[in-house]
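Some notes on the structure that comes next.
The values are calculated or read from the model by the stated rules, or taken from the named source; none is laboratory data. The structure displayed is predicted, hence computed values, not measured ones. Positions of Cβ are backbone-derived with ideal geometry, glycine not excepted, and every protein chain shown enters the neighbour counts. In case anyone asks, the SASA skips ligands and DNA or RNA and just uses the protein heavy atoms, side chains included. Shrake-Rupley method; radii C 1.70, N 1.55, O 1.52, S 1.80 Å.
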Amino acid sequence: MTAHLIGYEIACDGPTGQGDCPNSAAVRAQLVSRTAAQVRADGRQQGWTRPRGRDLCPTCTATRKEIAP
């Protein structure tokens with residue numbers, strides 16, 4: 001059996017950054033995405049944000065906005 005690099009997975013850091021995403025979110029795979037930057041670009045098209053170096057799925061982005069002062 002041969003293993004091949006198939007790209008990167010970017011997982012959500014959770015709304016507070018103090019724990020995992022409650023939804024165990026990950027960017028949906030795109031067959032053409034080969035680098036972390038390409039995967040993050042796919043995520044932005046799917047509603048992900050990256051405030052202060054954290055990756056947030058659309059659900060956690062909305063939750064973060066709700067708990068912000």
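Observations
- In region 30-63, of all residues being among the small types (G, A, S) and part of a loop (DSSP other than H, G, I, E, B), the one that is surrounded by the fewest Cβ atoms within 10 Å (Cβ to Cβ) corresponds to G47.
- Residue pairs meeting the criteria (Cβ under 6 Å; at least 6 apart or on separate chains; first of a type in the set (S, T, Y) and at pLDDT below 85, in region 47-69; second crowded, with 16+ Cβ neighbours inside 10 Å and part of a loop (DSSP other than H, G, I, E, B)): T63/P15
- Of all residues in region 1-29, those that are open to solvent by 30 Å² or more (accessible area, probe 1.4 Å) and either at pLDDT 70 or above or touching a strand residue (DSSP E or B) at 6+ places or on another chain (Cβ under 6 Å) (or both) total 12.
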